[in-house]
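Here's the structure we're looking at; comments come further down.
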Amino acid sequence: MSGSDLLADIALRQTLDPGPGLSAFLSRVSMIGLAVAIGLLLAVQSVMNGFDREMRERILSLVPHVQISGEASSQEWSALKAELLAREGVSRVEPFAAAEALLLRGQSVTAARLTAIESDALTRYADLLSPAVPVWSPSDLVLGVKMAERLDVTVGDRVTFVLPAGATGDYRPLHFRVVSLLRSGTEIDEGLALVQQSAIPTLASQNALRGLAITLDDVFSAGEWRWDLIQWLPSNLRVTDWRATHGNLYSAIQLSRDLIGLILFTVIFVAAFNVVSALMLVVTDRRRVVAMLVAMGLKTRDVVVIFLMQGAIIGVVGSLAGMVLGYLLALGAPDMAVLLEQWLGSPLLQTDVYPLAFVPVDIRWQDFAATGATAAGLSVLAAVLPTLRASSLPVAATLSH
């Protein structure tokens, strides 16, 4: 057996020996602590990545990225729509009209925002509708599932919207039949009410908001688009982007993700400190063996290599075990949330408080690789101080005792 193989064998036996020895026991404790810390970090990161993905791909795909509103004629809106569609980076431009209204169902009343869109614009919601809407007539209404639950409304029921009829202060009731419920699992389900533009002429009044809803290829370029549109659109038109309604929510998700990551990375540092304390105890426990090996010709450099190898083995094995644990925890997080909801008898996430009604998970290999490499590197660094102590043991004094 070569010298390097001998050193590796000693380091492996000190770390992975299944026997009752103190050295192997402390090494196992260190690896378990590191694995648990990494597993929890990766699982929580995956859940926060899921919230970030759902925010971008689910919620922001259902709301306008940029919205132009104001007073303009139908010809002006049509010309502006054609000009915007000709621009690079714009994927869709849809006319809309919206008004605040009261939604009545029997004795139940709730505030709602009634939005009128073109009939072909309903296709963007097709995957979320239950049942599907093959033909959409002017008397049909698509309602968010949470709003429907609040009013105890089901498909086929008739509801009434009360809208301002104009500047006189009068009100006009509009009657619709619920033909489908939209279930996105997001806060949008709380207040969505969609009808055709031709169904509500009162939305052309001064009490309603009319304009164009713009969907961009890059949702995060909305701020630049807003600023650019403000520069060349007439002053009577107002430009807003998704950050006005959902920007704080997205920032909160990003901040929570960063804070949780910082907290859990601190846990990994604590686990690495545990490696330091464990290896210091190993050095104390093995000081007589180290002194005997040095007396038999083992060099100080070899002692350094043995304990650095032990730190590396703890780091690598603990990191790999932690990545496996994190992957399993992340995969099981949605099911565990469902089981917890069943046990508690109430939902963990509700869209009137949280942006989503479920626990999303997005497992990214980059996070696993970076976290595992960081933990392994910290374990090697943590072994430096115990290594220096082991290499400086007084051989003669140790053997004499």
Query raised in the report: How far is it, in nm, from the label point at Val29 to the one at Arg183 when both lie 7 Å from their Cα along the line to the Cβ?
Result: 5.1 nm
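Using a Förster radius of 22 Å, what is the FRET efficiency between Thr123 and Phe220 based on their Cβ-Cβ separation? Nearest 0.05, please.
On the way: r = 25 Å, r/R0 = 1.12.
It comes out at approximately 0.35.
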Requested in this report: Quick one: which residues, 5 or more positions from Leu163 or on another chain, have an amide H under 5 Å from its amide H? H modelled 1.01 Å from N in the peptide plane, none for Pro or chain starts.
Outcome: Arg172, Leu174
Query raised in the report: What percentage of all Cα-Cα pairs in region 65-241 are separated by more than 25 Å?
Result: 37 percent
Query raised in the report: For region 303-342 and region 219-259, what is the separation of their Cα centres, given in Å?
Result: 39 Å
Query raised in the report: Taking the Cα-to-Cβ direction at Arg301 and at Thr154 and moving 7 Å from each Cα, how far apart do the two end points lie in nm?
Result: 8.2 nm
Query raised in the report: Relative contact order of region 65-241: what whole-number percent is it, with Cα pairs under 8 angstrom and at least 6 residues apart?
Result: 36 percent
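Based on other C-beta atoms within 10 Å, arrange Trp232, Trp77, Trp136 from fewest to most. Walk me through the numbers on the way to the answer.
Working: Trp232 7, Trp77 18, Trp136 21.
Ascending number of Cβ neighbours within 10 Å: Trp232, Trp77, Trp136.
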Query - Whole-Hz couplings from phi, Karplus 6.51/-1.76/1.60, listed for region 219-234; x for Gly and Pro - result: 4, 7, 8, 4, x, 5, 5, 4, 5, 5, 5, 4, 5, 10, 7, x
Requested in this report: Treat each spin label as a single point 7 Å out from the Cα along the C-beta direction, and report the Ala373 to Ala244 distance in nm.
Outcome: 4.3 nm
Report task. Would you kindly state how much longer the chain becomes between Arg364 and Gln231 on full extension, computed as 0.36 nm times their sequence separation minus their alpha carbon distance, in nm to one decimal? Result -> 43.9 nm
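Which ordering of Ser184, Ser346 is given by a fewest-first count of other beta-carbon atoms within 10 Å?
By the 10 Å Cβ count, ascending: Ser346, Ser184.
Quick note: the coordinates plus some simple rules give every number you see, no bench work behind them. In this text the structure is predicted, and so the values were computed from the model without any measurement. Every residue, glycine among them, receives a Cβ derived from its backbone with ideal geometry; neighbour counts consider all protein chains shown.
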